Amino acid sequence: MFLVLVQKRHSVCVDYFIPSERFTVEDGMLASRRLVGSNLQWPVTPDLLMSPSDRDDAELEMEYPEDRGNWTGKLDFLLSCIGYCVGLGNVWRFPYRAYTNGGGAFLIPYFIMLAICGIPLFFMELALGQFSSLGPLAVWKISPLFKGVGMGMLLIVGLVAIYYNMIIAYVLFYLFASLTSSLPWEHCGNWWNTELCLDHHLIRGSNSSMTVNISSTVSPSEEYWSRYVLHIQGSSGIGDPGHIRWNLCLCLFLAWTIVYLCILKGVKSSGKVVYFTATFPYLILIMLLIRGVTLDGAWIGVKFYLTPQFDHLLSSKVWIEAALQIFYSLGVGFGGLLTFASYNTFHQNIYRDTFIVTLGNAFTSILAGFAIFSVLGYMSKELGVPVDQVAKAGPGLAFVVYPQAMTMLPLSPFWSFLFFFMLLTLGLDSQFAFMETIVTAITDEFPYYLRPKKTFFSLIICIALFLLGLILTTDGGMYWLVLLDDYSAGFGLLVLVITFCLAVSRVYGVKSFCRDIQMMLGFKPGIYFKACWAFLSPVTLICLLAYSILKYQPSQYGSYKFPYWSEALGILMGLLSCMMIPIGMLVAVLKEEGTLWERIRQATRPAMDWGPSLEENRTGMYVNTLAGSQSPKPLMVHMRKYGGITSYENTAIEVDKEIEEESMM
């Protein structure tokens, strides 16, 4: 134990430091020499990291930052994670990737990549957030040198939130359009239709001897989407956005209003909303599945969806596609999981929750594939064309193909309303996570100023993102949405997650990280998690990054190819999030003292106040490292509070002994 003299304005304070992996004897001697050489002046702790007990007498009236709050129940967190992971991609991306990459055989690489990449990274992000109770920026007290990773995450989430809410606005548009006796995209003959429009009812009503060439025609639902909803004919390209579509603008405003009202009180309000938005989609999905499999020709689509083609497994593309689906479906690296976990109690069983959410997400994707392809099989038989000619990926499935299929069913407005209401609830859950991530990250950086005004600050963020998203409501808005979708969370996100994984597993150390998890959960992760964190997950992510760079293809929307300047803008978007890493490193190094190597060494080590946010949870190396710490041993707080030692305190004692034994070796 070191005794360090710290000179304050009129008095000398005595502070004690316990030797640990983070603060060695050599560090203490170096600190002492610096202290003496600088007339007993210790580097001043930034105001935002100080508690009232650290401040001068004149400042003692300042209060502690307002409490961050917690989930009102354990189920709030679990449902929020399920709602965040189970999103629009489960409906319009997984089924398409499955049938184009080997059908049922695609499930083999899918679950292997889930085990290697998905589950370990999911658990790592949850563990880091719960242990520290901090958002994506402040959590980098674990290693200040890598704070740029959090800055990059925040940039990506902000860009994604802008266009993701525009997709929700499209869903609202179709939801309102479904409240009619006849769907507006059911027939041709409207002002937005062209001569190429071919009513599918004519195909169904024609006799078998009559041949209809549909290769050069357009369905009513496709023209409704492109010419009425988007009004894309009013724009010549991404450089010519045209006029604002006020009906879309109002839908976007409504989408942001709904999001703001649901996150008004932070996790206390969004945690209650997810009881509906995370569970109701399953009810609708099951209804659509039952209706789909009872349609004539449904099994044509199901067979096409799941017929295994094992020869595809020899292609590296299939394995890459499986890894990408896992990576983006679980939402790893966006900071949402870390943010949600930061509102947990310290001993929440996130180990169990990890498997519930990740496996539940995979199950939902497969279930959605049955619901989608059973209807596409029916549509294929009705139109007399192969399934692969009606199946599409992305927004085309949600806003063109499936709406067209709904017009072929009895009570088509009812089924259309259910489908788009399902998409609305799926999308809102993910948007809640994006917004909570942004608000939490910034308020954790400035707790004294922003936490008491979190409601107003959330409103400012929503208004700012709404204004930035107005360009998406123009005639050429879809071009900008495609550009944001392709580049905002592309290779930049992969770079951030690789750095995130290596910073925790290599710089902070798997051993230290597992010890922190043991403090929370009462046990250390097994060899499976350690092997994935240290080697398998980073290697897989690096392969994904290399593949995405080697197989890079310029963006395009239909037959429209983006100009070079827009491609450069998109690449710059991805590079900007990556550039946050070296910028953050530069800032962290400049804040330290000494030679360059000493600065780097100190910047890589955890900050002195790193650890659990509550004093009673800080044991071993974390004792008395929290600003304003009063208790000589937080374990005693537990004993006074609970009247005995729980299993978690027994674990803490074991960890303390383990640290002491290692320091003596």
Only residues that are in a loop (DSSP other than H, G, I, E, B) and open to solvent by 40 Å² or more (accessible area, probe 1.4 Å): list them for region 278-321, please.
THR279, THR294, ASP296, THR307, PRO308, GLN309, SER315
Which residue pairs have Cβ atoms under 6 Å apart, sit 6 or more places apart or on different chains, and have a first residue in region 587-607 that is within 16 Å of LYS141 (Cβ to Cβ) and a second that is open to solvent by 40 Å² or more (accessible area, probe 1.4 Å) and outside any helix (DSSP H, G or I)?
GLN602/GLU592; ALA603/GLU592
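Kindly evaluate SER365 against the criterion of being among the polar types (S, T, N, Q) and modelled with pLDDT under 90.
Values: among the polar types (S, T, N, Q): yes; modelled with pLDDT under 90: no.
No.
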Those residues of region 116-165 which are open to solvent by 10 Å² or more (accessible area, probe 1.4 Å), more than 19 Å from LEU494 (Cα to Cα) and not in a helix (DSSP H, G or I) amount to SER133, LEU134
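Within region 545-561, track down each residue that is among the aliphatic types (A, V, I, L, M) and either open to solvent by 50 Å² or more (accessible area, probe 1.4 Å) or farther than 14 Å from SER316 by Cα (or both).
Listed by number, the residues that qualify are ILE549, LEU550.
Condition (residue is over 30 Å from PHE414 (Cβ atoms) and at pLDDT below 95) applied to region 187-205: is it met by at least one residue?
Here is the first cut: in region 187-205, the residues over 30 Å from PHE414 (Cβ atoms) are 195.
Still in the running and at pLDDT below 95: 195.
Yes.
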Test set (1) aliphatic (A, V, I, L, M); (2) over 21 Å from ALA405 (Cα atoms); (3) surrounded by 15 or more Cβ atoms within 10 Å (Cβ to Cβ); (4) at pLDDT below 95 - LEU230 fails condition number:
(2)
Considering region 252-265 alone, what residues qualify as being open to solvent by less than 60 Å² (accessible area, probe 1.4 Å) and in contact with a Ser or Thr (Cβ under 8 Å, 6 or more places away or on another chain)?
LEU252, TYR260, CYS262, ILE263, LEU264
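Give the residue, chosen from GLU598, GLU567, that is under 23 Å from GLY152 (Cα atoms), outside any loop (DSSP other than H, G, I, E, B) and at pLDDT 90 or above.
Working: GLU598 fails: under 23 Å from GLY152 (Cα atoms).
Matching residue, one of GLU598, GLU567: GLU567.
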Return the pairs, sorted by first residue and then second, in which the second residue is modelled with pLDDT of 90 or more and outside any helix (DSSP H, G or I), the first residue lies in region 399-410 and is closer than 15 Å to VAL229 by Cβ, the beta carbons are less than 8 Å apart, and the residues are 6+ apart or on different chains.
PRO403/LEU183; PRO403/TRP185; GLN404/TRP185
Of all the helices (runs of 4 or more DSSP H) wholly in region 414-525, which have at least 2 residues that are under 23 Å from the mean Cα position of the chain (by Cα) and surrounded by 20 or more Cβ atoms within 10 Å (Cβ to Cβ)?
454-468, 477-487, 491-502, 510-521
Could you tell me how many of the residues in region 97-115 are touching a Pro at 6+ places or on another chain (Cβ under 7 Å) and in a helix (DSSP H, G or I)?
3
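The values are calculated or read from the model by the stated rules, or taken from the named source; none is laboratory data. Predicted model, so just to flag it, every value in this text is computed and none were measured. As a convention, Cβ positions derive from the backbone with ideal geometry for all residues, glycine included, and neighbour counts pool all protein chains shown. For the accessible areas, the whole protein counts, side chains as well, though only heavy atoms, and no ligand, DNA or RNA atoms are used. Shrake-Rupley method; radii C 1.70, N 1.55, O 1.52, S 1.80 Å.
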